Amino acid sequence: MSESLNFHFDVDGENFVSAGQASVQVKKNLRRLGLPPEIIRQVSIALYEGEINMVIHAHGGTADINVFEDKIEIILADKGPGIADINLAMQEGYSTATENVRSLGFGAGMGLPNMKRYTDEMKIESEVGVGTTITMCVYLK
Amino acid sequence: MNSYRHSVVLDVDKCTGCTSCIRRCPTEAIRINGGHAEINTDRCIDCGECIRVCPNNAKKAMCSKFEHYLHYKWKIALPAPALYGQFDGLDDVDSVLQGLKDIGFDDVYEVAKAAEIVSNYTRIFLKSEGIKKPVISSACPVISRLISLRFPYLKDNILPMLPPMEISAMEARKKAKEEHPELSDEDIGVFFISPCAAKVSYIRNGYGDYKSNVDVVVSLNDIYFMLLGAMKKNRTPTISSEAGMIGIGWATSGGESSAILNDSYLFADGIENCIQVLESIENGNIPHIEFVELNACIGGCVGGVMTIENPFIAKTRLQTVRRYMPVSKNFIGSDVNFVPDSFLTDSLPDYTPISRLSESMSESMRMMAKMQEIRKNLPGIDCGACGAPTCRAFAEDIVRGVANDRKCVVLEHNKKEETDEGASENDS
């Protein structure tokens, strides 16, 4: 069956307090689908980190979660500043977050590395000044 | 699956179907059907929120009456530490314990004493190698059940130790047999004086494979006036408390965690707060800590549905009671570095995926897609008139085949307006 189920979220960049909401919703929905707890955890952590990134760096964006029978795809798209050096950004501990954001406990430079760690595939497409699209995949087998 | 026996019961005659409880229930376990509430026993975690919110007192926690169990030859009371916070001007716990003896108990074993023993062993357990951190307290039965239903990933974080109530029951029974070898097991009745509805379920159902050592649960507010009367007689106590500040501190939120004697802990109370903390632990976005104490009731056990006093007032009273008390009256030697097997349990409720729509993934996906379709038509105002707490839950009920969309008053109203408009256009 090639049909998929889509969950779409607009991640509000103006409202820092609401960051992480999509992750909570998706977690609930994936539980309803009866997915194994470990898979749900992987998806919700990857999505959470992605949401936070979009709010901190890109004034928000969109999150689309597509559930297939054999995999879950997470697509995060924003029209933010883009990532100049993806290899550098992928290094643990590297962060361009402001002091302000760090004082809230974010900006530890673990966002992208965690997204990679908790998913089976991750692709970053980014252009400086245009935006970033991250596609992640978690396989269900 | 349906075998879990709950303590929350509904008096159908009193229930008006007002929908107060369906919105409050943290697991969306209640629906209004046929004019009154119905509790889905698979989802209920015995948190007691519906009992608190019901304006008609139609929900009750089912407990036993002390008078019905007088046939036990040797009756032992296990007072929860929350009991000590219910009395005005109490400055000596001994008078409460004496009161319990005066109303008919043969002996008293304080749960606060067992709590101090548990605190000792928790400190030792936290030092063991290879355990999953943070360790989550096993004392609140609502939280343990919540974890088994919704946070299976955190199951191994639960402290594998019996809660103070169980340890006190075990120790009380042992003590009775030692002191009175003539008593048989059937002669001894262990009565827990409970502030908490969930403990009733815990005792009736056991805990995984574990069967409780408590025989009877008496509600704190049921025994309160009898006890108060006995205490007013001001007899000189012949019994003295064997618990200190730590044990009594367990009655309020934060008491158990402060007893680990380092500052690497988190405590939270109120079921919604607890759920948020568990979500955060599961997502790994909390600071590194050793220990987590979660109490479903606001204020901790003093906030239980079967207490008399407001939890914050009870807490203040406990501060007076605790003043001039030794930190603890139960020590174990500093050379002890393991937890006795009898205090440990690996029995945990199995993960039961209550929220999944169907056993088959593809069927679940079809149902979820259908739910999304249905929700587009629903008003999204979560009015509760259909009997479900939210439009989302209603859509799920429709897809599960337990409701139909004619129950939505807004949809029906709109349909009627359309037909009316159609009719008036035909007239003109």
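Read the figures in this text as sums done on the coordinates, not as results from a lab. What you are looking at is a predicted structure, and each value in this text was computed from that prediction instead of being measured. All Cβ positions, even for glycine, are placed from backbone atoms using ideal geometry, and neighbour counts span all protein chains on display.
With each label modelled as a point 7 angstrom along the Cα→C-beta vector, the B:Asn377-B:Asn310 pair spans 4.8 nm. Counts of other chain beta carbons within 10 angstrom of each beta carbon in peptide B:148-154 average 3.
Applying both filters, DSSP loop and at most 14 other Cβ atoms within 10 Å, to the chymotrypsin sites (Phe, Trp or Tyr not before Pro) of segment A:1-43 eliminates every site.
Along the axis of the charge dipole computed for segment B:358-428 (Cβ charges of +1 for Lys and Arg, -1 for Asp and Glu, origin at the Cα centre), the listed residues B:Leu411, B:Ala388, B:Met361 are led at the positive end by B:Met361. Close amide-amide hydrogen proximity is noted between B:Asn295 and B:Ala268, B:Asp269, B:Gly270, each under 5 Å apart and 5 or more residues distant or on a separate chain (H modeled in the peptide plane; Pro and chain starts excluded). Any idea what angle helix B:391-400 forms with the longest principal axis of chain B, computed on alpha-carbon atoms, 0 to 90 degrees, nearest 10? It works out to around 80 degrees. Around B:Glu293, under 12 Å between beta carbons, what's the net of Lys plus Arg minus Asp minus Glu among the other residues? It works out to a net charge of -3. Computed from the C-beta positions of B:Tyr324 and A:Val24, the FRET efficiency with R₀ = 35 Å rounds to 0.15. Taking a ≥ b ≥ c as the square roots of the eigenvalues of the Cα gyration tensor, segment B:1-116 is classed as prolate, since a/c reaches at least 1.5 and a/b is larger than b/c. Run through all the Cα pairs of chain B and give the fraction in each 20 Å bin from 0, expressed as whole percent. Percent of pairs per bin, in order: 24, 52, 20, 4, 1.
Helix B:271-283 axis versus longest C-alpha principal axis of chain B: approximately 90°, rounded to the nearest ten. Taking Cβ atoms as reference points and 14 Å as the exclusive limit, the residues near A:Gly82 contribute a net charge of -3, counting Lys and Arg as +1 and Asp and Glu as -1. Less than 18 Å apart at the alpha-carbon level, and either on another chain or at least 8 residues along: which lysines does that give for A:Lys27? Counting by Cα, and skipping residues close in sequence, A:Lys27 has these lysines nearby: A:Lys71, B:Lys155.
For segment B:1-62, the gyration tensor built on C-alpha atoms gives a rounded shape. Its axis ratio a/c (a ≥ b ≥ c) stays under 1.5. Helical runs (DSSP H, four residues minimum) scored at -39500 (n - 2.57) apiece and divided by the length of chain B put the mean residue ellipticity at 222 nm at -11500 deg cm²/dmol. Counting only DSSP beta bridges whose two residues both lie in the protein assembly as shown, roughly 65 percent are antiparallel. When B:Leu83, B:Leu100 are sorted by how many other C-beta atoms sit within 10 angstrom of their C-beta, beginning with the fewest, the order is B:Leu100, B:Leu83. Nearest 5 is fine: what % of DSSP beta bridges in chain B come out antiparallel, could you say? Here the share of antiparallel DSSP bridges comes out near 30 percent. What fraction of the Cα pairs in chain A, stated in percent, has a spacing above 25 angstrom? Within chain A, distances greater than 25 Å cover 22 percent of Cα pairs. Applying the Karplus relation 6.51 cos²θ - 1.76 cosθ + 1.60 with θ = phi - 60° to segment B:378-387 yields 3J(HN,Hα) values of 6, x, x, 9, 6, 6, x, 5, 6, x Hz, where x marks Gly and Pro.
Exposure proxy for B:Arg5, B:Arg150: other Cβ atoms within 10 Å of each Cβ, ordered fewest to most, give B:Arg5, B:Arg150.
Working note: Karplus 6.51/-1.76/1.60 with θ = phi - 60° gives segment A:132-139 the couplings 9, 10, 10, 10, 10, 9, 10, 7 Hz, where Gly and Pro are set to x. With Cα atoms defining each centre, segment A:29-51 and segment B:211-286 are spaced 34 Å apart in the structure. Panel note: the C-alpha atoms of the protein assembly as shown, placed on their principal axes, show extents of 81, 72, 41 Å (largest first). Using the Cβ of B:Glu242 as centre and a radius below 14 Å, the other residues enclosed give a net charge of -3, where K and R count +1 and D and E count -1. Put in order of Cβ neighbour count within 10 Å, fewest first, the listed residues B:Tyr210, B:Tyr109, B:Tyr265 become B:Tyr210, B:Tyr265, B:Tyr109.
Please give the helix A:21-32 orientation as an angle from the longest Cα principal axis of chain A, in degrees from 0 to 90, rounded to the nearest 10. Computed tilt is about 10 degrees.
Rounded to whole numbers, the Karplus 3J(HN,Hα) couplings from phi for segment B:116-127 are 5, 5, 4, 4, 4, 6, 5, 4, 5, 4, 5, 7 Hz, using 6.51 cos²θ - 1.76 cosθ + 1.60 with θ = phi - 60°, and x at Gly and Pro.
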